[in-house]
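Read the structure below first, then the notes.
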Amino acid sequence: MKKYFFYFFICMILMTQSAFAAFTGDTDGDGTIETVYVCNTNRVCIKDLNTGYVKTYSSTYWGTISIVNLKDTDAQPGVEVVVLATYGTTPRVSVIRDRTGAVRHYSSPYWGTIAITHVEDTNGQAGNEIVVLAVKNNVPRISVIRDANSSSRDYSSPYWGTIAITHVEDTNGQAGNEIVVLAVKNNVPRISVIRDANSSSRDYSSPYWGTLAVNSVVDTNGSPGNEIILVYTTTGDKGISVINDRLGGINQYSYGNKNTFSILRTFDYDTDPGKEICTSWTASRSSGYEIIKDKTRYRFPSGYCGG
Ligand SMILES: [Ca+2]
Ligand SMILES: [Ca+2]
Ligand SMILES: [Ca+2]
Ligand SMILES: [Ca+2]
């Protein structure tokens with residue numbers, strides 16, 4: 001009997017979570033918190049926690065919907081509800097501005113399937129932009145919705161076969177977070193950094209890069225902007241590349257003489273501004289740790305990585 005009650009209890013918890021998967025935030029900008037959730041299949045309910053009053057939003061564009069995020073996108077008081085919607089095969093991004101009760105819809109003929117990957121400030125102006133990764137007829141594209149002025153900006157490149165948006169971080173030390181894109185075309189990887197603040201992008205490629213992964217985006221040199229830390233392999237070599245996007249350079253750290261290596265931690269080990277990269281490596285008869293100080297390009301052995 002006890003066992004069944006336990007299972008019943010677990011089921012109730014799971015049902016409660018799926019039915020009321022809720023976001024919380026001050027949607028109307030009055031300083032108190034609302035809860036936001038999908039209700040009646042394809043509507044958005046916003047419940048005022050003080051009064052218990054529920055406002056319901058619906059749209060003829062909404063066949064199926066999911067709430068992606070609650071963040072300020074219109075540069076006005078209150079967080080907007082960012083909704084990913086599909087009607088038939090047409091995807092849309094809808095933004096509920098609960099303060100005024102308006103809903104703004106965004107769509108594009110270039111969107112086949114879409115994902116909202118980030119809601120961050122990309123242009124250095126008030127309000128967070130909605131970063132959309134779209135694919136249509138196998139052609140990828142990034143749309144940045146600038147909801148504060150109800151516009152959007154599209155980015156594409158002949159070098160993009162398949163792409164992933166790995167980070168949205170400041171890489172150049174200027175206002176706005178850059179969009180870091182790992183692209184592969186004809187097995188050639190490339191990093192594209194989209195500087196939405198001036199609607200441009202900068203591409204990085206290297207003969208060292210056969211396969212490429214973005215490890216992290218952190219400040220390694222104590223100068224404005226975060227560096228992009230990459231792990232590469234190529235025929236006969238492997239190692240770490242660090243892109244300094246502010247200056248446009250790439251530092252190379254080969255581990256080609258080791259059997260294996262991996263980045264264990266990025267941490268400021270020496271209190272000189274900027275984080276060092278700590279790796280562990282193995283060779284045929286030995287293994288160890290190494291700290292890379294990218295600021296001076298100095299590499300030295302370490303007893304551990306800590307953390
Ligand atoms: Ca707002
Ligand atoms: Ca912005
Ligand atoms: Ca920036
Ligand atoms: Ca830096």
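Return the pairs, sorted by first residue and then second, in which the second residue is assigned to a loop (DSSP other than H, G, I, E, B) and crowded, with 16+ Cβ neighbours inside 10 Å, the first residue lies in segment 46-68 and is hydrophobic (A, V, I, L, M, F, W, C), the beta carbons are less than 7 Å apart, and the residues are 6+ apart or on different chains.
Correct list of pairs: Ile46/Thr27; Ile46/Asp98; Trp62/Asn42; Ile65/Asn42.
Can you find a residue in segment 187-210 that is at pLDDT 95 or above and in contact with a Pro (Cβ under 6 Å, 6 or more places away or on another chain)?
Yes, segment 187-210 contains a residue that is at pLDDT 95 or above and in contact with a Pro (Cβ under 6 Å, 6 or more places away or on another chain).
Specify the residue that is surrounded by the most Cβ atoms within 10 Å (Cβ to Cβ); the eligible residues are those in segment 255-307 that are farther than 24 Å from Asn244 by Cα and among the polar types (S, T, N, Q).
This residue is Ser302.
Would you confirm whether any residue within segment 52-66 is within 29 Å of Gln174 (Cα to Cα) and not charged (D, E, K, R)?
Checking segment 52-66: not a single residue is within 29 Å of Gln174 (Cα to Cα) and not charged (D, E, K, R).
Here are some residues: Ser223, Ser241. Which one is within 16 Å of ligand 4 (Cβ to nearest atom), farther than 30 Å from Arg104 by Cβ and buried (at least 19 other Cβ atoms within 10 Å of the Cβ)?
Step by step, each of Ser223, Ser241 is checked, and only Ser241 is within 16 Å of ligand 4 (Cβ to nearest atom), farther than 30 Å from Arg104 by Cβ and buried (at least 19 other Cβ atoms within 10 Å of the Cβ).
Given (1) modelled with pLDDT of 95 or more; (2) touching a strand residue (DSSP E or B) at 6+ places or on another chain (Cβ under 8 Å), where does Arg246 come up short, assuming only one miss?
Status for Arg246: all satisfied but (2).
Do you know which residues across segment 96-145 are surrounded by fewer than 19 Cβ atoms within 10 Å (Cβ to Cβ), within 16 Å of ligand 1 (Cβ to nearest atom) and either of a type in the set (Lys, Arg) or over 30 Å from Gly31 (Cβ atoms) (or both)?
Arg99, Arg104 - these are the residues of segment 96-145 that are surrounded by fewer than 19 Cβ atoms within 10 Å (Cβ to Cβ), within 16 Å of ligand 1 (Cβ to nearest atom) and either of a type in the set (Lys, Arg) or over 30 Å from Gly31 (Cβ atoms) (or both).
Give me the pairs: first residue in segment 81-109 and in a strand (DSSP E or B), second residue of a type in the set (D, E, K, R) and more than 15 Å from ligand 1 (Cβ to nearest atom), beta-carbon distance under 9 Å, and six or more apart or on different chains, which are they?
Val83/Arg92; Leu84/Arg92; Ala85/Arg92; Thr86/Arg92; His105/Arg92; Tyr106/Arg92
Table: residues versus (1) without any contact (Cβ under 8 Å) to a residue 24 or more places away in the chain; (2) in a loop (DSSP other than H, G, I, E, B); (3) in contact with a Phe, Trp or Tyr (Cβ under 9 Å, 6 or more places away or on another chain); (4) within 16 Å of ligand 2 (Cβ to nearest atom).
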| position | (1), (2), (3), (4) |
| --- | --- |
| Thr166 | no, no, no, no |
| Gly173 | no, yes, no, no |
| Gly176 | no, yes, no, yes |
| Ala183 | no, no, yes, no |
| Ser192 | no, no, yes, no |
| Ala197 | no, no, no, yes |
| Asp203 | no, no, yes, no |
| Trp209 | no, yes, yes, no |
| Leu212 | no, no, yes, no |
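The values are calculated or read from the model by the stated rules, or taken from the named source; none is laboratory data. Remember, predicted model here, so these are calculated numbers, not experimental data. Virtual Cβ from ideal backbone geometry, glycine too; neighbours counted across all protein chains shown.
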